[in-house]
Amino acid sequence: MHVGFIGLGNMGLGMARNVVKAGYSTAVRDVRPEAVDIVAADGATVAASAAAAADGADLICVAVFDEGQLRATVLGGGDDPGVLVTARPGAVVAIHSTVSPAIIAELAERASACGVHILDAAMSGGGDLAANAGTLTFMVGGDAEACERVRPVFETMASTIFYVGSQGAGMSAKIISNFLLDGNVTLVREAIRLAASAGIEESRILEIIASNRMGSSWVSNSWDQIRAHEDSSWNGKQGVVDMYHKDLQLALDLAIANGVDTPTLQYIVAEVSPTVGENGLTR
């Protein structure tokens, strides 16, 4: 199976490296030459555009940042004609970016006219550390047969793969998961500030929370890991903050689209999210 991989950022870099190291012929594309060079050193070929990366591929993995980048990658933008121009009939495009189910449906309709399958293969499970280790969790929506066909490649990147259902279902599951993650981050950062006002050190309150378990969560137990990820992220603290804003807005958009009342989410988006700025999530 020949793979095209587009987007070698915080997550995509480790994912692509694992595909290459598993022995799959892989063409990679990213706007950052330094990221491309790393995967090329593992044995990947370098593609000059998204269209070139998709040419002849059985599976095209897309791990770009947002909906604008995703639309340009798949449909074309600037000097790049996009994935669908060169993707062969029967090819599978796996969208790993966290985006709305609406754009998944839009791209799937366009791809179907070309005989190409779109899978929303949303990813979670521990950030770049899990991406590097190949232990991500994938939540997949779309054609079940197409999912099974590319599962061996998915298994080089993810240790757990959930087939959720029709197109958009995988992305909806990821958005819900991110809402819970970001909601917990919001609570823990405020709890730490409250502790400081009472003269309790951060490390001490986190130790107490972990010990009594009543208020603990993965976030509170992994606060140092979350901070280290924030400090080392390739796009800086602001990039992590931007992701926080984006994920919460996607959750609110999903709730509005589905007619679900989510007052806590609405409050976080309107009142809390704007206060999270240049100091990052964990400070």
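Mean residue ellipticity at 222 nm from the helices of the chain, using -39,500 (n - 2.57) per DSSP H segment of n ≥ 4 over the full residue count, to the nearest 500 deg cm²/dmol?
Here the helix-only value at 222 nm equals -16500 deg cm²/dmol.
Springs between alpha-carbon atoms under 10 Å, Gaussian network over the chain: tell me which of Ile161, Ile95, Ile192 tops the mean-square fluctuations.
Largest GNM mean-square fluctuation: Ile192.
Check cross-link reach from Lys174 to the lysines: straight Cα distance under 23 Å, and skip same-chain residues fewer than eight apart.
The qualifying lysines are Lys237, Lys246.
Would you mind classifying segment 99-201 by shape? Square roots of the alpha carbon gyration tensor eigenvalues, ordered a ≥ b ≥ c; an a/c under 1.5 is rounded, otherwise it is prolate if a/b is larger than b/c and oblate if not.
Values: a/c = 3.93, a/b = 2.10, b/c = 1.87.
Since a/c reaches 1.5 and a/b is larger than b/c, the shape of segment 99-201 is classed as prolate.
Based on Cα positions only, what radius of gyration and what Dmax would you give for segment 2-166, in angstroms?
13.9, 37
Rounded to the nearest 5, what % of the DSSP beta bridges within segment 101-176 are antiparallel ones?
Working: 5 of 11 bridges.
Around 45 percent of the beta bridges assigned by DSSP in segment 101-176 are antiparallel ones.
Counting Lys and Arg as +1 and Asp and Glu as -1, what is the net charge of the other residues whose Cβ lies under 14 Å from the Cβ of Met171?
-4
Which loop-located GluC sites (Glu not before Pro) does segment 198-283 contain, where loop means any DSSP state but H, G, I, E or B and the Cβ has at most 16 other Cβ atoms within 10 Å?
Loop-located and lightly packed - Glu201, Glu278.
Springs between alpha-carbon atoms under 10 Å, Gaussian network over the chain: tell me which of Thr262, Thr135, Thr86 tops the mean-square fluctuations.
Among Thr262, Thr135, Thr86, the largest mean-square fluctuation in the Gaussian network model of the chain belongs to Thr262.
In square nanometres, what is one fourth of the surface area of the convex hull spanned by the alpha carbons of the chain?
Taking the Cα atoms of the chain, their convex hull projects to 15.1 nm² on average.
Specify the residue with the greatest mean-square fluctuation among Ala22, Ala40, Ala113, computed from a Gaussian network of the chain linking alpha-carbon atoms under 10 Å apart.
Residue with maximal mean-square fluctuation among Ala22, Ala40, Ala113: Ala113.
Taken together, the values in this text are just the output of simple stated rules run on the coordinates, not laboratory data. This is a predicted model, so every value here is computed, not measured. Cβ coordinates were reconstructed from backbone atoms using ideal geometry, including for glycine residues, and neighbour counts include every protein chain displayed.
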